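The values are calculated or read from the model by the stated rules, or taken from the named source; none is laboratory data. Predicted model, so just to flag it, every value in this text is computed and none were measured. All Cβ positions, even for glycine, are placed from backbone atoms using ideal geometry, and neighbour counts span all protein chains on display. Remember, those area values only see protein heavy atoms, side chains included, never the ligands or the DNA or RNA. Shrake-Rupley method; radii C 1.70, N 1.55, O 1.52, S 1.80 Å.
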Amino acid sequence: MGKKRRTVSAALAGLALTLGAAGCGAEDEAAKTPPPPPRPAGTGPLTKDVVRADVDGAVAAAGLPRNAEDYGQLADKGSGRLPAACSLAFKSFDEESTPVDLSRYDTVVGALRDRAWQPAGERKERKARDGAVGVAEQLFEQRGWFMVTEYHEAADGQGVVTLRAHDIACVKKSGILDQDPTTG
């Protein structure tokens, strides 16, 4: 009964926050962005469902267009020696009504940090001739998973954001990887 009461209390608190933010009339971005879902308790490895919720939440926070179907399905079905349980993928391309740009990528990265994903190494950037960032990459890790995040701007100005997350133990077991990718 105590667990049910905590769940109901948490749901009511979330509802109160949502209604409070909506009712105050504030137009700042923080009020429009939903808070990240609660993190599961514990210190063990994350499940693929939790990682998917993190990716989905970060993508929603950034307002990115939908996942390129073939790209996401490839990871969900598995490929070659890599079983489906080992990874997930997201790729978003510019759409006429929603450009994919560096600021949206930065929002994704910030939302992942809000969900306890820790940077593993330095962010890498490459600039175009005009000085604008044309490529940005950051590796993250959390509780047995690593995630590669990338932003690319094509020569025609079209942007792409890609997220690839992999369960380290699962990938090692498949024989594709001999060492933890986050240790260099």
What number of residues within the range 111-148 satisfy the criterion of being touching a residue at least 60 places away in the same chain (Cβ under 8 Å) and over 22 Å from Ala60 (Cβ atoms)? 3
Thr107 vs. criteria of a type in the set (Val, Ile, Thr), assigned to a strand (DSSP E or B) and touching a Leu at 6+ places or on another chain (Cβ under 9 Å): no
State yes or no: is Asp49 open to solvent by 30 Å² or more (accessible area, probe 1.4 Å) and within 19 Å of Gly144 (Cα to Cα)? yes
Scope the range 133-159; condition more than 21 Å from Arg52 (Cβ to Cβ) and in a loop (DSSP other than H, G, I, E, B); matching residues: Ala154, Ala155, Asp156, Gly157, Gln158
